[in-house]
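Single-structure report; data block below.
The values are calculated or read from the model by the stated rules, or taken from the named source; none is laboratory data. Given the structure is predicted, the values throughout are model-derived calculations rather than measurements. Side chains are part of the model used for accessible areas, which takes the heavy atoms of the whole protein and leaves out ligands, DNA and RNA. Shrake-Rupley method; radii C 1.70, N 1.55, O 1.52, S 1.80 Å.
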Amino acid sequence: MSNGDSIEPNGANNLKVFFRFHLPHAHLHSVFGDDWFALKAEKFARFFGTPSFLIGQTVIVAGWIVANVAGWTHFDIYPFILLNLAFSLQAAYAAPLILLAQTRQADRDKAHAEADAQHREDIAHTSEQRQAIAAQQTAMLLDLVQQNTALTETIKTLTERVETLTIEVHRHVTGAAQSQTS
């Protein structure tokens, strides 16, 4: 808790939601597998680049050299052949472990890149579907506007016809009323 971690009630669910596009690739495993050796080797290889390792190694090497030069011990005198052998042994093990870590990271990066590409494809497909629906709706709207225009013209024609008939009926009724009064 001292490193700033917070506990969330649905932490696992939030992680699943965050990696939802990567779930189809969850079955992919590293070329080296996920066995204990590969996991420990990867952690060890990652430790090689930390400040703790570099400072620790510097302190050990400095102590080694000081102890032998000052004469406190004589197990590895001046050309420090044993120290060079230790460095060679460290390099012999460090190189494959670092390559193993890089290969495993490359596998993870590839899986994440494939998941991201699939996600982008899904977004593009969804966008195309939305554009097609928008085009359909625009065509339907245009058709409805044309139908509305035709109905408005029909109503106008019928209104003019009703007006004409009303005027004729009015003339006929007023003409009949005038002929009855005369």
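Structural remarks
- In the assembled protein chains, residue 127 presents an accessible area of approximately 50 Å² (probe radius 1.4 Å).
- For the stretch 46-120, taking Cα atoms only, Rg and Dmax work out to 19.8, 67 Å respectively.
- For the stretch 100-182, the solvent-accessible area with a 1.4 angstrom probe is 84 square angstrom per residue.
- For residue 80, solvent-accessible area (1.4 Å; no DNA, RNA or ligand), Å²: 30
- Rolling a 1.4 Å probe over the protein heavy atoms leaves residue 60 with an accessible area of roughly 110 Å².
- The stretch 37-84 - percent of accessible surface contributed by carbon and sulfur, probe 1.4 Å: 77
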